[in-house]
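Structure first, then comments.
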Amino acid sequence: MCDDPAVSDLVTRARDGDQQAWDALVERHAPLIWSICRRYRLGGADAEDAAQAVWLRLVDHNSAPFSCVEIQHHRQRRVGDLRGIGPRAG
């Protein structure tokens, strides 16, 4: 799964339904996901779609009991955090 025991623990706890563990995973890894989207020069809706796809894939892969509404909430919060970084392409 991962060489970092802290991340492995978070993933296991999130899979078991721990909302705080899911929040911690999002906080920890959302910046990386967004930087990859920006590296591929994805702008606006494309970057948001790609980031959302990553989180949905994680949920699907781990069979975590999180709803799309909860994922959307996290995604919107992250997008709001990124709005002040620079101009939006596209």
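Just to be sure I understand the filter: pairs with C-beta atoms under 9 Å, separated by 6 or more residues or on different chains, first member in the range 5-26 and loosely packed, with under 14 Cβ neighbours inside 10 Å, second member among the acidic types (Asp, Glu). Which pairs pass?
The qualifying pairs are Thr12/Asp18; Gln19/Glu70.
Look through the range 27-56, keep the residues that are small (Gly, Ala, Ser) and in contact with a Gly (Cβ under 9 Å, 6 or more places away or on another chain), and return whichever of them is surrounded by the most Cβ atoms within 10 Å (Cβ to Cβ).
Gly43
Each reported figure results from applying straightforward, stated rules to the coordinates on display, with no laboratory input. Just so you know, these numbers come straight off a predicted model, no measurement behind them. All Cβ positions, glycine included, derive from the backbone under ideal geometry; neighbour counts span all protein chains shown.
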